[in-house]
Amino acid sequence: NITTEKELAGLAYLINHGITDFEDKTIHLKNSLNMSDYEWEPIYVNDENKRFRGIFDGECHSVKGIYVNIF
């Protein structure tokens, strides 16, 4: 379960560093989150070994304030 911005950032870290891909797991978002105070590390999509393979259930919550600097 994800309840804080720090936990969501941690999920991206775990995936992007090849620690886990959450295959066969469901992640539930338990609160709406505002990521504007966090440096967001996008989850890689071009690396077959670093992909989210689980289910992300937002449970009608939202995530806002994500800024991705691609330069």
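The values are calculated or read from the model by the stated rules, or taken from the named source; none is laboratory data. Quick caveat, the model's predicted, so the values are computed rather than measured. Here Cβ is always computed from backbone atoms with ideal geometry, including for glycine, and neighbour counts include all displayed protein chains. What goes into the accessible areas is simple: the full protein's heavy atoms, side chains included, and nothing from ligands, DNA or RNA. Shrake-Rupley method; radii C 1.70, N 1.55, O 1.52, S 1.80 Å.
Simple spin-label estimate for Glu41 and Asn1 gives 2.6 nm between the two label positions (7 Å along the Cα-to-Cβ direction from each Cα). Heavy-atom accessible area for His17, with the other protein chains in place and a 1.4 Å probe, reaches approximately 90 Å². Using just its DSSP H runs of length 4 or more, each adding -39500 (n - 2.57), the chain gives a mean residue ellipticity at 222 nm of -5000 deg cm²/dmol after division by all residues. Model label sites at Phe56 and His28, defined 7 Å from Cα along the beta-carbon direction, differ in position by 1.8 nm.
Short-range pairs are left out: with C-alpha atoms under 8 Å and at least six residues apart, the relative contact order of the chain is 39 percent. Among (i) 32; (ii) 44; (iii) 38, which is the computed percent of Cα pairs over 18 Å apart? Step by step, percent of Cα pairs over 18 Å apart for this structure corresponds to label (iii).
The residues neighbouring Thr4, those whose beta-carbon lies less than 13 Å from its own, together hold a net charge of -1 under the Lys/Arg +1, Asp/Glu -1 convention.
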